[in-house]
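**Student:** I have a structure I would like to understand better, so I am pasting it below and will then ask my questions one at a time.
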């Protein structure tokens, strides 16, 4: 399936912009380094030309809010088979890297590039709102190949790895357009990024999912736990990466809710479908919305946000829910920065049992 990108200037007669070729892929790498949001606004760049123990160099390393490492490899003059094989080789190294090594990688990168945030802990917190030291890093990773065009061989290999081997490899393709003295960069993903996010690989042991969801509730003035507790909902937003996982929840699903850096505060059953937060009508409260109800949070700006940046909520019937001051937290409990996830680690079973014991469930 060929991917072709085009841009037309609107006028009496649409004019297609001319496509050009960059002098080198080094230019594309420079653009990505200058602004990683060209690939994904929810990634933090942590390394460039990172040397592995095999004496090879990874073009770029990034992380997402869950602590998953993204290996970014530019195709350059390599064959499709070679670039995919090289990405897999790098992944075999990344999966064994511990969090202290990532700290060193970022420090080396930030020092060379004179980045203001010199420590990974501070950079991670500045980007995602939580220090890296609070992330349960388990070697999870995914791979992204950057190319100027999609060829049949690359497509076959990547589709096989994703569909049959469940290995998270994606490809992103860039086209450069010219309009007089101006140049524009256009991007297209081969596979929707959230699909490969679901397949991230970890070196930790896995066990069958118990059918119960973990929910991370990022308490703040525009997402206040007091309101979620009182009116019955979980929510996420300020980017598709955060809100998309709410779509995993169906009516009747069990959810265990944790407020990052605070602890577990609730268990409940999903009571309805996802909705833009400002549009949801609470049937037990005269069908009022968050904009009409008495709240501790400030939701006045929600209506002005586009769909990508909007806040979304899912209604929940609480089985047990407590204020932040009564949150349950201790060493060894499961944590994840995804808004919703299906934990498949022994730590999840342990966490559920500890919460049940603590709250007498």
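Please treat every number below as a calculation from the coordinates, not as lab data. Being a predicted model, the structure only gives us computed values, none of them experimental. Note that each Cβ is placed from the backbone with ideal geometry, even for glycine, and that neighbours are counted across all protein chains shown.
**Student:** Sequence gap at least 6, Cα distance under 8 Å: using those rules, report the relative contact order of segment 38-156 to the nearest whole percent.
**Tutor:** After rounding, I find 30 percent.
**Student:** How high is the relative contact order of the chain, given as a whole-number percent (alpha carbon pairs under 8 Å, six or more residues apart)?
**Tutor:** With pairs under 8 Å counted, the relative contact order is 15 percent.
**Student:** State, to one decimal in nm², a quarter of the convex hull surface area for the C-alpha atoms of segment 8-202, i.e. the direction-averaged projected area.
**Tutor:** 12.6
**Student:** Another question, if that's okay. With runs of 4+ DSSP H residues as the only contributors, calculate the mean residue ellipticity of the chain at 222 nm using -39,500 (n - 2.57) per run, divided by the residue total and rounded to the nearest 500.
**Tutor:** Numbers: 9 runs with 89 residues, N = 361.
-7000 deg cm²/dmol, from helical runs alone.
**Student:** While we're looking at this one, here's another question. Please arrange 318, 8 by how many other C-beta atoms lie within 10 Å of their C-beta, fewest to most.
**Tutor:** Arranged by neighbour count, lowest to highest, 318, 8 become 8, 318.
**Student:** Please report, to two decimal places, log10 I(q)/I(0) for segment 212-359 at q = 0.10, 0.11 Å⁻¹ as given by the Debye formula with identical point scatterers on the Cα atoms and no solvent.
**Tutor:** -0.31, -0.38
**Student:** On a 0 to 90 degree scale, rounded to 10, what angle separates helix 99-112 from the longest Cα axis of the chain?
**Tutor:** 50
**Student:** With springs only between Cα atoms under 10 Å apart, run a GNM on the chain and tell me which of 117, 294, 29 wobbles the most.
**Tutor:** In the Gaussian network model the winner is 294.
**Student:** Determine, at each q value in 0.07, 0.08, 0.14 (inverse angstroms), the log₁₀ of I(q)/I(0) that the Debye formula gives when each Cα of the chain is one equal point scatterer.
**Tutor:** Results for the chain at q = 0.07, 0.08, 0.14 Å⁻¹ read -0.35, -0.46, -1.23.
**Student:** Let me ask another. Test of understanding: in a Gaussian network model of the chain with alpha carbons linked when under 10 Å, which of 315, 41, 208 would top the mean-square fluctuation ranking?
**Tutor:** With Cα springs under 10 Å in the chain, the top fluctuation among 315, 41, 208 is at 208.
**Student:** So which residue, out of 111, 119, 66, gets the largest mean-square fluctuation from a GNM of the chain using Cα contacts under 10 Å as springs?
**Tutor:** Most flexible of the set in this elastic network: 111.
**Student:** Right, another one. Taking the beta-carbon count within 10 Å as an exposure proxy, list 224, 141 from fewest neighbours to most.
**Tutor:** Fewest-to-most ranking of 224, 141: 224, 141.
**Student:** Measure nothing fancy, just the Cα-based angle from helix 346-358's long axis to the longest principal axis of the chain, in degrees from 0 to 90, nearest 10.
**Tutor:** Compared with the principal axis, the helix lies near 20 degrees.
**Student:** Kindly put 231, 160, 312 in sequence by how many other C-beta atoms sit within 10 Å of each C-beta, fewest to most.
**Tutor:** Sorted ascending by nearby Cβ count, the order is 160, 231, 312.
**Student:** If I model a spin label as a point 7 Å beyond the Cα along the Cα-Cβ vector, how far apart are those points for residue 136 and residue 156 in nm?
**Tutor:** In this crude spin-label approximation the distance works out to 4.1 nm.
**Student:** Using only Cα atoms and rounding to the nearest 10 degrees, what angle (0 to 90) does helix 25-34 make with the longest principal axis of the chain?
**Tutor:** 30
**Student:** Is the shape of segment 151-288 rounded, prolate or oblate, going by the alpha carbon gyration tensor and its root eigenvalues a ≥ b ≥ c, with a/c under 1.5 for rounded and a/b larger than b/c for prolate? Show your work: numbers first, answer last.
**Tutor:** On the way: a/c = 2.62, a/b = 1.55, b/c = 1.69.
The shape class here is oblate.
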